[in-house]
1. Regarding Trp130, is this residue at pLDDT 85 or above and either outside the structural domain of Ala24 (by TED's automatic domain parsing) or within 24 Å of Trp71 (Cα to Cα) (or both)?
2. Quick one: which residue in Arg32, Arg42 is in a helix (DSSP H, G or I), modelled with pLDDT of 80 or more and of a type outside the set (Phe, Trp, Tyr)?
3. Among the residues of segment 144-155, is there at least one that is more than 28 Å from Arg28 (Cβ to Cβ) and outside any loop (DSSP other than H, G, I, E, B)?
4. Go through Tyr74, Tyr82, Tyr112, Tyr106 for me and flag whichever is modelled with pLDDT of 75 or more, under 16 Å from the mean Cα position of the chain (by Cα) and surrounded by 12 or more Cβ atoms within 10 Å (Cβ to Cβ).
Amino acid sequence: MRKIIILALMAATAIPGVASAQSAHEVRQSARDVREEKRDLRQAQRYGDQRDVREARKDVRDARQEYREDWRDYRRTHKSVYARGNWNAPFRYTAWNQGARLKPVYYGSRYYINDPARYRLPPARGNLRWVRHYNDVLLVNIRTGSVVQVHRGFFW
């Protein structure tokens, strides 16, 4: 009987947290809303008067802010995926830029992100690999060592 009561209490505390978590679909929908607001702003600038343009700009700002909040909430509710952890590399942090050339020690297989979909990153094709460098994520061409894309502060 005691086990049943404990299980019921555990279930009662877990269900509201699961119900309030935001899905990735909802975050993507927020991004779509931002794009639609931008499109409306461009149309208002072309055809409307200044009052319409100001209102459209305010709508875009509000939509962007809402998207950022949704993204923060999503990352907060999925902490296991975006956890900072105790991750240290055997070299110092460098803020890499797109086009830079890395030495192989910086993008060894030890630093590959094997499942980019888990982090909502696009798949790396061919000679490209997603590599973690401290809290940044780099898309690196492993043949040449050149950085193709950079996401700074990805792991907060």
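1. So Trp130 fits the description; yes.
2. Arg32
3. Yes, the conditions are met somewhere in segment 144-155.
4. Tyr74
The values are calculated or read from the model by the stated rules, or taken from the named source; none is laboratory data. Being a predicted model, the structure only gives us computed values, none of them experimental. Here the Cβ is made from the backbone with ideal geometry for all residues, glycine too, and neighbour counts use every protein chain on show.
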